[in-house]
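Engineer: One structure follows; several queries about it will come next.
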Amino acid sequence: MNTHALALGATLYMPCTRTDLAERLFGPARIHDLRSVVLCLEDAVLERDLPEALMNLGGLLRFADAREGGPSDPMVFVRPRDATMMARILRMPGAGRLAGYVLPKANAETLPCYLGLHVPEGQMLMPTLETREACDPYDMRRLRDQLLAVQDRILVLRIGGNDLMQSMGLRRPPGRTSYDGPLGAVIAMLVATFSPWGFQLSAPVMERFGDAALLRRELVRDIDHGLLTKTAIHPDQIPIIQGALSVPAHEVEEARAILDPNGPAVFAQDGVMCEPATHRVWAERLLARADVFGVVDGLSIHRRA
């Protein structure tokens, strides 16, 4: 599994209209335990506010370029409005310090415009699946074929849950996870379309940020679908998301037994059949997740050495 994708953790979206970006990302008021952030110039910014938003982004990039980076600095991505705006950002002083770009409204028709831009080596792309085409398996297979040609540049595919619901004329009801309505079937289809070909996907945002219990319920379903990063829209969601991604100690023990080169072809552990030939990838991903988010024994979380 791409460990850089795992390292995203809870990816916080912040509009570029904010004037405190440097303070919240790198200064004394920095957001605790923030691993990755997307600075948005698209849906979160009104057309009339674009000049101010681009000015704020330019100031942040100059600030980041002038400082010494630290090990706890978050990965910073930018979500432009379109390929033309992305080309403008690529020319900004300090843009080389970005971790990459989120590509909005990605589908087989829009992707070539982004792929035609010269993105510096090392900067990654995160296409967002949020148009009505994301509900069509045929269109997603077309997109997958395009992405396979540049797979080394794709960090994760982000699932835009609210936009997909909007395309259906729906909104998530109170108390319901993303999986409790038609969006659940779309998420399952996207996982089946992209994951077997080696792409990682990011779980959609929980916009009801005041309902921590609902977020925890949804995270269980995210993990069941192999979605091991998630969009956040409020700092309070970050510890909940990243805490949920820690791994139970008994699962770590099971994974290690599956990966034991001297183990049997099939064995039972705690009433569960374990078969290394079919469970190896699961075990490798689980241990990679434990390396990033720690192991929980029911009372505490500790990092693996």
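Engineer: Quickly work out the Met168-to-Ile223 label distance, labels modelled 7 Å from Cα along the C-beta direction, and quote it in nm with one decimal.
Structural biologist: Going from the Ile223 label point to the Met168 one covers 2.5 nm.
Engineer: Something else about it: Roughly how far apart, in whole Å, are the Cα centres of region 72-110 and region 157-232?
Structural biologist: The distance from the Cα centre of region 72-110 to that of region 157-232 comes to 23 Å.
Engineer: Based on C-alpha coordinates, I'd like the Rg and Dmax of region 3-245, in Å.
Structural biologist: Spelled out, the Cα radius of gyration and Dmax of region 3-245 are 17.1, 48 Å.
Engineer: Taking only the Cα atoms of region 116-159, how large is their convex hull per residue, in Å³?
Structural biologist: So the per-residue Cα hull volume is 78 Å³.
Engineer: Would you mind estimating how fast region 80-191 diffuses translationally, via Stokes-Einstein at 20 °C and 1.002 mPa s with the Kirkwood radius over Cα pairs, in µm²/s?
Structural biologist: 142 µm²/s
Engineer: For labels at Asp211 and Arg141 in the simple 7 Å Cα→Cβ model, what's the distance in nm?
Structural biologist: Output for this residue pair reads 3.6 nm.
Engineer: Go ahead and run the numbers for FRET between Phe267 and Ala7, Cβ-Cβ distance against an R0 of 30 Å, rounding to 0.05. Kindly include the intermediate steps, with their values, before the conclusion.
Structural biologist: Details: r = 32 Å, r/R0 = 1.08.
FRET efficiency, Phe267 to Ala7: 0.40.
Engineer: Amide H of Val78: which non-local residues (sequence gap of 5 or more, or other chain) have their own amide H closer than 5 Å, using H built in the peptide plane?
Structural biologist: Leu39, Gly100, Tyr101, Val102
Engineer: Could you give me the ³J(HN,Hα) list for region 29-45, computed from phi with Karplus coefficients 6.51, -1.76, 1.60 and θ = phi - 60°, whole Hz, x at Gly and Pro?
Structural biologist: 9, 4, 6, 5, 6, 6, 9, 8, 9, 10, 8, 9, 10, 9, 4, 7, 10
Engineer: Would you mind calculating the gained length between Val281 and Ile31 on full extension (0.36 nm times residue separation, minus the Cα-Cα distance), in nm to one decimal?
Structural biologist: Working: separation 250, 0.36 × 250 = 90.00 nm, distance 3.36 nm.
Length difference between fully extended and current span is 86.6 nm.
Engineer: Where both residues lie in the chain, what percent of DSSP beta bridges are antiparallel, nearest 5?
Structural biologist: Taking every DSSP beta bridge with both residues in the chain, the antiparallel ones total about 15 percent.
Taken together, the values in this text are just the output of simple stated rules run on the coordinates, not laboratory data. Keep in mind that what you see is a predicted model, and the values were worked out from it rather than measured. Here Cβ is always computed from backbone atoms with ideal geometry, including for glycine, and neighbour counts include all displayed protein chains.
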